[in-house]
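Following: one structure in structure tokens, then a few remarks.
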Amino acid sequence: MRNPIELQDANMIYPYRFQPILAERVWGGNSLARYGKSVSPGQRIGESWEISDRPDTQSVLINGPLKGQTLHQLVERLGPKLLGTNIRYADRFPLLIKLLDARQRLSLQVHPPPAVAQRFGGEPKTEMWYVLDAAPDAHLIAGLKRGVTRQQLENATRFEELLHRFSVRAGDAFFVPAGRLHAIDAGLVLVEIQQNSDTTYRLHDWGRRGRVLHPSEALASIDFNDFEPSLIRLPIVCEHFRTDLLRLDAPRADRCDGASFHIIGCVQGAIEVAGESLRMGEFLLLPAALGDYTLRPITTPAAALKTTTPPPTTAPSNTPSPAPPTESGDPTTASAA
């Protein structure tokens, strides 16, 4: 017979669903309403923070016995039962999950690598994007055109001539290591999976007025050997996270074995995960101690992103496998990109 402590622990380990946190942005729109987000008429919502443990932006649990708890409270209460043994120490949840709706081009920006972040009092950030929806002429901007130098970038008046810009479509994925100069172009809805950081240095804002630029910090952060990066194939594995694409045409068994939590996000159709239903653009956090669970397609086709933390011995990776080409060829302001 299980003792009261074991029963209490079991009641705390279940799939966690959080209330999305919506943020207005100058470049946002209303596309996230199509993914079940509560966007009011006239709002320009650029970001939906789906899983966040930031000091000023806390995800709040909306289901189960722990309903009303913040993600940070769950981390403090459950520790390795939530985070897993792959994380040796964490005072906060290590990842941040967002949806982005870019109706206008975002600023030309860069996230700092660790040494630069420490110098300027920021936080390092590596991230990846998965394209949920793309306009026919949608593009991303990332890296430099081959041969472009730091001096050319410092002296630039027309940045477009120096930057690598390429077309994307729904289902494409892209890796953005710290140090990669980038901008999300207009007409895209993305899943963003990133380190738990909110530091962005803006180099240029395409003529928009009133937003702070950080040219010194940006130039110190940019990898000037980062030429013409490619789309990636999933899974992507870096030292901070692993993300797999699961195509679901039948039930699929999986297991949280204690090593890592699993973050499941529906990116096509609708699915059921451990008894919880998810539509496109919705996410669940499965604690590391959950054990066996099943993913089931509710509609077909259906697909999900599964994100975990790799073992601490995983080597850093800034060059994941490239994907095949598509057919159409203030220093802490990341959330206001």
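Rule-based calculations on the coordinates, nothing more; no lab input. For clarity, every value in this text was computed on a predicted model and none was experimentally measured. With ideal geometry, Cβ positions are generated from the backbone for all residues, glycine too; neighbour counts draw on all protein chains shown.
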Region 242-308 pair-distance distribution - Cα-Cα, 10 Å bins, rounded %: 25, 60, 15, 0
What do you get when you divide the Cα radius of gyration of region 198-283 by 2.2 N^0.38 Å, with N the number of residues? 1.62
Placing unit charges on C-beta atoms (Lys and Arg positive, Asp and Glu negative, everything else neutral), compute the dipole magnitude of the chain about its Cα centre in debye, rounded to 20. 260 debye
Nearest 500 deg cm²/dmol is fine: what mean residue ellipticity at 222 nm does the chain get from its DSSP H runs of n ≥ 4 alone, each adding -39,500 (n - 2.57), divided by its residue count? -3000 deg cm²/dmol
So, in the chain, how many Lys pairs have Cα atoms under 27 Å apart, if the pair is 8 or more places apart or on different chains? 14
Under 9 Å from the Cβ of Pro235, count the other residues' Cβ atoms, weight Lys and Arg +1, Asp and Glu -1, and hand me the total. +2
A correct Stokes-Einstein calculation for region 27-107, using the alpha-carbon Kirkwood radius, 25 °C and 0.890 mPa s, returns a whole-number D in µm² s⁻¹ of 169 µm²/s
In the chain, if every C-alpha pair distance is counted and binned at 10 Å from zero, what percent goes to each bin? 6, 25, 36, 23, 8, 2, 0, 0
What relative contact order, as a whole-number percentage, does region 242-308 give when Cα pairs under 8 Å and 6 or more residues apart are counted? 51 percent
Whole-Hz ³J(HN,Hα) from phi, Karplus 6.51 cos²θ - 1.76 cosθ + 1.60, for region 27-39, glycine and proline x: 9, x, x, 10, 5, 5, 4, 5, 10, x, 8, 7, 9
Test of understanding: ordering Phe120, Phe166 by Cβ neighbours within 10 Å, fewest first, what list do you get? Phe120, Phe166
